[in-house]
Every structure is written in C-alpha cells, then in structure tokens.
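Before any comments, here is the structure.
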Amino acid sequence: MRLSTRIALAVGATVPLLVLACGALLLRLVTGDLHQEQDTQLRERAAAVTKDARALLRATAADRPDAVEQARQRRLFTSALDVGIRLTGPGGTVSGGPQPDPSVPLPDDADAPVTVRTGGASWRVLAVPVVVRLPAAHGTLWLFSPDTASQAQLRLVRRRVMSVALIAAPLSGALVWAVAAGAARPLRRLQLRTSGLDPRTSTARLDHTPSGIAEVDDLAGTLQTVLARYDQQVARTTEALETARSFSAAASHELRTPLMSMRTNLDILADYPDLADAERSEVLEDLRREHARLLGQLVMLRALAQGDLVEADAFGPVDLMEVVDASVADLRRRHSDAKIAVHGTLGLRVYGWEQGLRSVVDNLLANAWAHGRSDGEPARIEVTLRPSRPPGLPVAVITVEDRGPGIAPALRDAVLRRYHRRPDSPGSGLGLTLIDQQVALHRGSIAILDRSDGQRGARFEVRLPALGSGTADAETTLPMLRRDWLAGAAAPQESHKDDS
C-alpha cells in the first residue's frame with residue numbers, strides 16, 4: 001500500500017470521528033442555548049404570575065367566597081399565557097396549562113430550572129416559593145414549559161451532523177489522497193533514482209536536486225552518505241588486499257636470499273660433520289646473522305603493512321616524552337654499551353598513533369646505534385625533544401644525533417627509499433622507510449642534516465604538529481595520504497641505512 005493511500009484511509013477514518021465529536025459539542029452548546037432561552041421565559045413568567053399566585057393563596061387562606069377564588073384563578077391562568085402552572089398551598093393544589101401528570105414526582109428544590117422527563121416528553125420546571133403574611137400562609141408555585149420545540153431542533157442538528165460526517169469521509173479521503181500523492185511525488189522520484197543504483201556493479205551514484213521537502217532531502221542526504229561510506233570501505237578493502245599482495249611479494253622476494261644462505265650453511269653442517277671448529281663457528285655465526293636479518297625483514301614488512309592499514313580510531317593524544325623514554329630504555333637494555341643523552345621538554349603532546357610514533361623513535365635510535373660508532377668506540381647518541389614555534393602553528397621536534405661517518409648530501413634523499421642500504425649494514429633496509437611512512441601519516445616532515453656542532457656525524461630531525469595546532473583530524477587526512485608503502489618493489493641499493 002502506498003503512503004498516499006495510507007494517509008487517505010487514515011484521514012478518511014479520522015475526519016468523520018472529528019465531525020461527530022464536533023457535532024456532539026455543537027449539540028451540547030445548542031441544548032444549553034435552548035435551555036437558557038426557556039429558562040429566561042420561565043423566570044419572566046414567574047415574575048409576572050407570582051403576584052396573582054400570592055393573591056389566590058391569600059384568598060384561599062382567608063376563606064373568601066368561591067367566586068372570589070375562581071376570579072383569582074382565572075386571573076392567574078390568564079397571566080401565565082402558554083406556560084403551565086401549579087400552585088400548592090394549605091387549601092390544596094390549583095393547576096392549569098400544559099404540564100406533566102400530577103403523579104410525576106417533582107424535585108424538592110427547583111429554585112433553578114430543571115428538566116423533568118416522563119412518558120417520552122420532557123419539561124423545564126421552575127419552582128417559586130409563595131409566602132403570604134396576613135393571613136399567614138405559604139405555598140409553592142411551579143411553572144412548566146414543554147421541551148418539544150428544543151428536541152425538534154436538536155434532532156435537526158443531529159441529522160445534519162450525521163450527514164456531514166458521511167459526506168466528509170469520502171471527500172476528505174479523496175482530497176487528502178490527491179494532496180499526499182503530490183507531496184510524495186519527490187519521494188517516488190527519489191525511489192526511482194535509487195532503485196537502479198548497485199554499488200557492486202556500477203560507479204553511478206545518487207545525484208539529488210533539493211526538492212524543498214525536508215524529509216525527502218534528508219533521506220537523499222542519508223543515502224548519499226551511506227553510498228560514500230560504502231565507497232570508502234571498498235577503497236580500504238582494496239588497499240588492504242593490495243597491501244596483502246605487496247607483503248606477500250616483498251616477503252618472497254626479500255627473504256629468498258637469507259633463506260637460501262641459511263639452507264647452504266645448514267647443508268654444510270649436515271654434509272661435513274667433521275668440519276673444523278673455526279669453520280663451524282664461522283658457519284654458525286653466518287646462520288645467526290642471516291636469521292637476524294630474516295627476522296628484521298619480517299618485522300619491518302609487518303610494520304609497513306600496519307602503517308598502510310591503520311585507521312583513524314587508532315589516533316589520539318600522545319605524550320612524546322613518554323615515547324622517547326620508553327625507546328631509550330629499550331635500547332639501553334639491548335645494548336648496554338651505548339651512551340645515550342636525552343634532553344626533553346615534559347608535557348609535549350601530539351595527536352597521533354602511539355605505536356607508529358614508537359616505531360619512529362625506535363628506528364632512529366637503532367640507526368644511530370648501528371652507524372654512530374667511531375674509532376671502535378661505542379655509539380654515542382644524543383636525543384632532543386623540544387617545541388618549536390615557526391611562523392604559523394606549534395611543532396614538536398625530535399632530534400637524534402650520532403658521531404658516525406654521517407650521510408653525504410647527495411644520498412640523503414635516497415636513504416629513505418625501500419631496501420636502500422650499504423653493504424656492511426646489518427639492517428633490512430626498511431627502517432628509514434618506516435620512519436618516512438609514519439612521519440607522513442602524522443602530517444610531519446623528516447630532514448637529514450649535519451651535526452649542529454660541526455663535528456662528524458648525522459643528525460635526523462623529525463617535525464610533527466603539536467597537539468592543539470589546529471591541524472585536521474586523522475579521519476579527514478588519512479584518506480588523502482599515501483597508503484602504498486608496500487606496493488611495488490625496489491631494488492636494493494648501497495647506502496647508509498639501517499633499522500632494528
């Protein structure tokens with residue numbers, strides 16, 4: 001059943017009820033008006049005949065001749081005109097004019113007009129006390145007005161109300177159906193436009209022109225939002241599948257060499273059980289090194305995949321000093337010979353993904369530890385966390401400096417590419433790529449510089465928007481950022497690059 005038909009049926013059933021309710025109220029008001037008119041007439045007649053009633057009661061109490069009493073009665077009946085009267089007193093009851101049967105009980109107190117019904121007829125009755133001082137006597141004067149005229153008028157009103165109700169039902173239903181059909185036409189057009197949309201087979205989307213009807217426009221906006229979110233989810237699913245394919249391809253490509261090397265070393269150990277101790281130690285050391293490299297490759301590939309798939313709900317306020325302290329403590333635990341100096345500002349926070357920011361600091365420290373040695377001495381690393389207020393918005397700056405050979409200016413852009421590593425590097429070639437990915441996801445920047453004091457060594461400077469800088473939230477910016485860090489394959493190159 002269409003909406004317009006439902007509305008027409010509802011209105012067609014409701015309007016007669018409203019008409020009947022209004023008719024009942026109208027009958028009540030008409031009845032009140034008619035009664036008020038009759039009551040006014042009764043009071044006027046009561047004022048006119050009370051004097052004659054008092055004279056008749058006085059004559060009866062004084063035992064005047066019958067002729068005098070009859071004259072008083074005629075005068076009383078003449079003044080009553082068309083109103084029935086009944087006078088009760090010590091000498092009996094005198095009545096005349098239209099009135100109910102004497103057997104019909106009358107109200108004890110009828111100083112205000114009341115209705116009395118008997119035998120299918122109704123009367124308006126008014127009681128007036130009559131008091132005579134000399135000789136002392138008292139009685140009651142009853143005035144009666146038939147209610148037949150008012151009942152006829154009420155029956156006429158009742159018939160008209162019923163007629164109006166019977167006519168209003170179909171007319172109101174038809175009229176409302178026409179109006180509702182016209183009002184629902186924009187909704188019908190919207191339904192026709194959306195019925196052909198199938199987001200699984202077509203890229204066509206709802207093109208809605210405002211109709212001026214709030215409900216229809218709101219529904220169209222909701223449908224457009226649902227389709228847009230569907231497209232976003234499809235895009236994220238496609239990205240996830242592409243990331244999975246890239247992870248599989250990168251893993252099979254990059255892990256082939258260490259696995260083959262490990263297989264060769266295992267074959268040597270199996271085929272030559274009498275291998276000299278020095279040669280056996282060399283093979284085992286090579287196995288450990290390849291195993292570490294294999295494990296590092298897997299960890300870095302997983303981290304890159306997580307960065308490609310991270311969602312906006314993973315972002316929140318992060319205290320950078322807590323992240324730096326945790327990373328430094330972890331490096332000191334793994335490499336007790338490393339000398340690390342930390343200088344930081346407490347309470348410096350950014351809006352970011354805590355796991356991703358931890359990866360940035362971990363890999364910066366691991367790179368500095370691997371390449372920050374000089375003259376055989378343990379690595380010396382300096383970590384600084386400070387706020388900066390360049391023209392515009394506040395920025396949090398993380399600086400990591402080492403005392404290694406440094407990075408030539410011509411190679412500083414290349415070291416951020418995937419698998420770019422120098423031959424003697426123990427890392428996977430993905431650490432700085434992971435740093436670059438996370439910095440981009442956090443709408444920041446990374447720079448590779450010389451040491452600030454002019455000595456030999458490398459300086460990595462990461463700038464991130466500080467919390468409260470007014471930058472757009474992650475839900476808005478993530479879809480606009482590069483999310484294909486695992487896509488494609490890059491050939492390994494020789495460079496100063498490492499990760500943990």
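The values are calculated or read from the model by the stated rules, or taken from the named source; none is laboratory data. These numbers come from a predicted model, not from an experiment. Methodologically, a virtual Cβ is constructed for each residue, glycine included, from the backbone with ideal geometry; neighbour enumeration extends over all protein chains shown.
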Of the residues Ser374, Ser359, Ser336, only one is of a type outside the set (Phe, Trp, Tyr) and under 22 Å from Pro465 (Cα atoms); which? Ser359
Which condition does Asp362 not pass, out of (1) among the acidic types (Asp, Glu); (2) within 22 Å of Ala440 (Cβ to Cβ); (3) without any contact (Cβ under 8 Å) to a residue 40 or more places away in the chain, if it passes all the others? (3)
For the stretch 58-79, indicate whether the set of residues that are crowded, with 18+ Cβ neighbours inside 10 Å, more than 60 Å from the chain's Cα centre (by Cα), in the same structural domain as Leu42 (by TED's automatic domain parsing) and of a type in the set (Ser, Thr, Tyr) is non-empty. yes
Failed criterion for Asp499 (all others in (1) at pLDDT below 55; (2) under 25 Å from Gly344 (Cβ atoms); (3) exposed (fewer than 13 other Cβ atoms within 10 Å of the Cβ) hold): (3)
Those residues of the stretch 430-450 that are more than 17 Å from Gln355 (Cα to Cα) and either assigned to a loop (DSSP other than H, G, I, E, B) or not polar (S, T, N, Q) (or both) come to a total of 5
Within the stretch 340-356, which residues are loosely packed, with under 14 Cβ neighbours inside 10 Å and more than 23 Å from Gln438 (Cα to Cα)? Ala341
Under 9 Å between Cβ atoms, which residue pairs at least 6 apart in sequence (or on different chains) link something in the stretch 317-330 that is over 13 Å from Asn363 (Cβ atoms) and in the same structural domain as Gly444 (by TED's automatic domain parsing) with a partner that is buried (at least 16 other Cβ atoms within 10 Å of the Cβ) and modelled with pLDDT of 95 or more? none
Of the conditions (1) closer than 17 Å to Gly356 by Cα; (2) in contact with an Asp or Glu (Cβ under 9 Å, 6 or more places away or on another chain); (3) modelled with pLDDT of 55 or more, Pro409 clears all except one; give me its number. (1)
Out of all the residues in the stretch 296-309, is one or more at pLDDT 75 or above and either of a type in the set (A, V, I, L, M) or part of a helix (DSSP H, G or I) (or both)? no
Report every pair of residues separated by at least 6 positions or lying on different chains whose Cβ atoms are under 8 Å apart, first residue within the stretch 6-17 and within 16 Å of Val164 (Cβ to Cβ), second assigned to a helix (DSSP H, G or I) and among the polar types (S, T, N, Q). Val11/Ser172; Gly12/Ser172; Val15/Ser172
Taking the criterion of being surrounded by fewer than 18 Cβ atoms within 10 Å (Cβ to Cβ) and over 60 Å from the mean Cα position of the chain (by Cα), would at least one residue in the stretch 20-37 satisfy it? yes
Can you tell me which residue within the stretch 443-463, out of those that are basic (Lys, Arg) and under 22 Å from Phe315 (Cα atoms), is modelled with the lowest pLDDT? Arg443
Does Leu434 count as modelled with pLDDT under 80, under 27 Å from Arg349 (Cβ atoms) and in contact with a Phe, Trp or Tyr (Cβ under 9 Å, 6 or more places away or on another chain)? yes
Which of the residues spanning the stretch 306-325 are surrounded by 15 or more Cβ atoms within 10 Å (Cβ to Cβ) and in contact with a strand residue (DSSP E or B) (Cβ under 7 Å, 6 or more places away or on another chain)? Phe315, Val318, Asp319, Leu320, Met321, Val324
Considering residues that are over 14 Å from Val318 (Cβ atoms) and either of a type outside the set (A, V, I, L, M) or not assigned by TED's automatic domain parsing to the domain that holds Leu467 (or both), the number found within the stretch 345-392 is 23
